[in-house]
Structure formats: C-alpha cells, structure tokens
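Peer 1: Below: one structure in structure tokens.
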C-alpha cells in the first residue's frame, strides 16, 4: 500500500531510498528481529558492493597491465594463483572471526565479540610475516615453480615480491572486514574497500607508466599501487575498530592474549583455512595445467578469471549475508529464522548468477575484447567464460550453502565437500579431458563446471540433514 499522499511509484522510490540508507548506515540494527527480507538486503547490499570493489582491484590491474603484453599478463596470473593460497588463509581466518563475532552478538555478548576481534589481530600478524618472508626472498623461484619461462620471470619477479611482501595488507583487510560483517556492520567493510580502490585506481597508471614525478615500474607498479591502497584501508579499519561500532569495539584488554578465545578462533578458522586451501590448491593446479599449453593459454585463462571475479565476488557478497544471519540467529536460538535467511539469500544469488550466465554466453567476445586484441588469447578467454557460465546456477547455490555452514561455525563440512568435488573429481577430470583426450584448456574449463555442480548437489544433501543447526562454538 502506498503511503498517504504518495503515488505507488513515489512510495516505492521512498522505500528503496530508506533501504539503501539503512544498508549504508553504520548505526545500530537488530538483524535477529527485523523482517528477514529486509535484514538480508540490508546486509547484502554493502556486502555485494564490498566484493564488487574487491574485484575492481583485479580488473584495474589487468586493464593497465594488459597493455604491457602477454608476458606481463601471465606474470600477474601466475602470481595471483599463488596469492590465492594467501587469500585462502586470510578468508579461512575471516570465517572463524565472522562466525564467532556473529554468534557472540546474537547472544548479546558484545564484550566477547570485541575479544574475538582482538585475538584475530595476533593471528593476522603471524600469517602476514610468514608470507612476506617467503615472497620477498623467493619471488623468482615461486614464478619458476609455477611454470613461468625466462621472459615472464624477468617481467614479473618484482610484482611477485611486492604483492607477497605486502601480504599484511591483504590478511588484515580480510580479517577486519570479517569482524565488522559478523557484527552486522558490512557498511564499514564496504567503505574500507572504496577507499582502497580509489587509491589503487589513481596510483595504478601513475606507477605502471611513470606519470608525473613517479617512477615507471611496469607491472611491479600494479602490485605497489594495490598494496598501498589496501594498507591505507587497513589503517582506516583499525581506527574504526578502536573508535567502536555497534556491537564491536576493541580495547587493549581485548588484545591481551586470551588462550580460550584464541583456541576457539583457531579451531573454527582451521576448518575455513583447510576449506579454501583445498579449493585454491585445486585452482593453482588448474593454472599449472593450463600453463603447459603456452603463454597465450595462461593469459586467456587469467583474463577470463578476472572477468568472472566481477560476478563471483558480488555473489560471494550475497552469500556472506547468509553467514552473518545464520550465526546471529543461531546465537539468538532462532533456528527457523536462520533457515529462512538461507532460502532468501539462495533465491537472490541464484537469480543473479543465472542472469550473468546469459550475459557471458551471449557477449563473451565483447567482454574479452576490452582486455586483449590478440586472437589466440581472446579465443581461450572466450571459451572459458562460456563453458564456466553453464554451471553458474550451481556455483551460486554452492556459495550460499557453504556460507550457511560457515556462519554456523561448521567449517569442516565444506572442507570435506571441497575435497570430494575438487580433488577427487575436478583435478583428475581436468587432466583427463585436457591431456589424454586432447581437449586442451577447454577440458580444464569443462571440469570446473562439472565440479561446481557437484559441490552444489552434495552441499544441498548435507544441508537438508541439518547437523549445522546444532553446532556449538
């Protein structure tokens, strides 16, 4: 019904404006009692934008780096394959943070939520230090291990060293954003990514091409710009955490080592880390397999992955709403409401990804053409987009169900699913189709689609059994 004195169209616009205002607000909100559709959208809107902006990092870098040639693009792709392992650890730790913060907030224990965030800072420090030492000391060796030839190593070693050496910016931005999402404050995370992206977009061309007084660093400039942008965002998040947001504030007492809290965080996070290490190790193997078919295949696959990131990361943002709502509602002992949240998020995410699949199937050449004019590279990228798009509905369902398990603190179930579908199915299938059967990179792309369908079907079976409802953390 329209508000008094307003036409239906104006009333709808007013409701939409109010919804976006609430979604972008960092004020108090009770997600355990708000109407479920509204709670999902209030969380999902900034989460989708946050993840979309995360993908802008990759797209911005690729847009400028692509002008430097196939070797530079391949160097970025191979380094990103390794960085996926870093993301796996950071995201896995973030899962533990989100699950515990959300559960404590749902229980009404904001002090305990702050302590979880404080302990996460220590885990981030140790993780970042290990990655930085490896990246700075062994940048060239890492590229060589990934199958890079001399030309790629010569162009990309600096990029690898800078990106891995600045791992603290990656790890902390994932951990801190996870804490704010668990507290029902995704707008804070969104603002941090907007700040990081703004800096990256400005610095990328300046440092790659040496505009103005800045040095011309080539592909290394892309890594430098990204690291600077993320580092500034981390400073913003730390300041916001200290100043405090509804349900989440960290003081020095929260940073003091608390063994019981640390143990709980590590226990939940280990499942998340294992879950993403399984998935990303599979992705690294696929990249290594594609590398056996030459630099054009690597470059094409890398461009396709960048384009897919633009859609997968927003879908991941949507599914993150399921994690927060499941965690908070289980904390408030509202199991039926948690299930309703999963159903609503599933509907939105699957619908979005099916629309994207249509775009990829019909317009793959146009999308790829924005990044390369090399026919061989474009051919691989186009084939990848179209074949993977066939499984996008399954991919969406798998994302939501996985995040529902993670939000409940059941991070080991998705790990087992990933082991079965990625290592036991995807990897052997990718090798068999691409090499013995002679389908080349196309066989790898088909294996990706088959594996995503398997993840969705297996996750749905386990979800319906309902053990996630009884997890205690």
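Peer 1: Pick out the one residue from 355, 325 that is more than 15 Å from the chain's Cα centre (by Cα) and crowded, with 24+ Cβ neighbours inside 10 Å.
Peer 2: 325
To keep it simple, each residue is scored yes or no on (1) in a loop (DSSP other than H, G, I, E, B); (2) farther than 26 Å from residue 265 by Cα.
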residue	(1), (2)
403	no, no
409	yes, no
419	no, no
425	no, yes
443	no, yes
453	no, yes
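Peer 1: Quick check: is even one residue across region 306-321 closer than 21 Å to residue 69 by Cβ and within 13 Å of the chain's Cα centre (by Cα)?
Peer 2: Keep residues of region 306-321 that are closer than 21 Å to residue 69 by Cβ, which gives 306-307.
From what's left, within 13 Å of the chain's Cα centre (by Cα): 306.
Checking region 306-321: at least one residue is closer than 21 Å to residue 69 by Cβ and within 13 Å of the chain's Cα centre (by Cα).
Peer 1: Restricting attention to region 434-459, and to residues there that are farther than 20 Å from residue 305 by Cα and at pLDDT below 95, which single residue is surrounded by the most Cβ atoms within 10 Å (Cβ to Cβ)?
Peer 2: So the residue we want is 435.
Peer 1: Scan region 388-395 and give yes if some residue there is touching a helix residue (DSSP H, G or I) at 6+ places or on another chain (Cβ under 7 Å), assigned to a loop (DSSP other than H, G, I, E, B) and modelled with pLDDT under 90, otherwise no.
Peer 2: No: region 388-395 contains no residue that is touching a helix residue (DSSP H, G or I) at 6+ places or on another chain (Cβ under 7 Å), assigned to a loop (DSSP other than H, G, I, E, B) and modelled with pLDDT under 90.
Peer 1: Okay, next question. Considering 211, 238, which residue is within 30 Å of residue 154 (Cβ to Cβ), out of contact with any strand residue (DSSP E or B) (no Cβ under 7 Å at 6 or more places or on another chain) and surrounded by fewer than 17 Cβ atoms within 10 Å (Cβ to Cβ)?
Peer 2: Values: 238 fails: within 30 Å of residue 154 (Cβ to Cβ).
When all the criteria are applied, what remains is 211.
Peer 1: Output the residues belonging to region 280-297 that are over 19 Å from the mean Cα position of the chain (by Cα) and buried (at least 19 other Cβ atoms within 10 Å of the Cβ).
Peer 2: Result: 289, 290, 291, 295, 296, 297.
Residue-by-condition table, conditions (1) more than 26 Å from residue 327 (Cβ to Cβ); (2) crowded, with 20+ Cβ neighbours inside 10 Å:
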{"position": "366", "(1), (2)": "yes, no"}
{"position": "374", "(1), (2)": "yes, no"}
{"position": "381", "(1), (2)": "yes, yes"}
{"position": "408", "(1), (2)": "no, yes"}
{"position": "420", "(1), (2)": "no, no"}
{"position": "431", "(1), (2)": "yes, no"}
{"position": "461", "(1), (2)": "no, no"}
{"position": "469", "(1), (2)": "no, no"}
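Peer 1: With the structure loaded, tell me whether residue 156 is under 19 Å from residue 219 (Cβ atoms), surrounded by 24 or more Cβ atoms within 10 Å (Cβ to Cβ), more than 21 Å from the chain's Cα centre (by Cα) and modelled with pLDDT under 90 or whether it fails that test.
Peer 2: Yes: the conditions hold for residue 156.
Peer 1: Is it the case that residue 312 is surrounded by 17 or more Cβ atoms within 10 Å (Cβ to Cβ), over 19 Å from residue 463 (Cα atoms) and either at pLDDT below 90 or in contact with a helix residue (DSSP H, G or I) (Cβ under 6 Å, 6 or more places away or on another chain) (or both)?
Peer 2: Values: surrounded by 17 or more Cβ atoms within 10 Å (Cβ to Cβ): yes; over 19 Å from residue 463 (Cα atoms): yes; either at pLDDT below 90 or in contact with a helix residue (DSSP H, G or I) (Cβ under 6 Å, 6 or more places away or on another chain) (or both): yes.
Yes: the conditions hold for residue 312.
Peer 1: What number of residues in region 138-153 are exposed (fewer than 15 other Cβ atoms within 10 Å of the Cβ) and touching a residue at least 12 places away in the same chain (Cβ under 8 Å)?
Peer 2: 1
Peer 1: If you don't mind, there's one more thing I want to ask. Kindly indicate whether residue 277 is within 23 Å of the chain's Cα centre (by Cα), surrounded by fewer than 22 Cβ atoms within 10 Å (Cβ to Cβ) and closer than 21 Å to residue 50 by Cα.
Peer 2: Against the criterion (within 23 Å of the chain's Cα centre (by Cα), surrounded by fewer than 22 Cβ atoms within 10 Å (Cβ to Cβ) and closer than 21 Å to residue 50 by Cα), residue 277 does not qualify.
Peer 1: Now, a different point. Could you please let me know if residue 338 is in contact (Cβ under 8 Å) with a residue 24 or more places away in the chain, within 20 Å of residue 183 (Cβ to Cβ) and crowded, with 22+ Cβ neighbours inside 10 Å?
Peer 2: Yes.
Peer 1: Within region 218-232, identify whether any single residue is farther than 30 Å from residue 144 by Cα, surrounded by fewer than 23 Cβ atoms within 10 Å (Cβ to Cβ) and either at pLDDT below 90 or in contact with a helix residue (DSSP H, G or I) (Cβ under 9 Å, 6 or more places away or on another chain) (or both), and answer yes or no.
Peer 2: Yes: region 218-232 contains one or more residues that are farther than 30 Å from residue 144 by Cα, surrounded by fewer than 23 Cβ atoms within 10 Å (Cβ to Cβ) and either at pLDDT below 90 or in contact with a helix residue (DSSP H, G or I) (Cβ under 9 Å, 6 or more places away or on another chain) (or both).
The values are calculated or read from the model by the stated rules, or taken from the named source; none is laboratory data. As the structure is a computational prediction, the values presented were derived from the model and not from experiment. Heads up, the Cβs are rebuilt from the backbone with ideal geometry, glycines too, and the neighbour counts pull from every protein chain shown.
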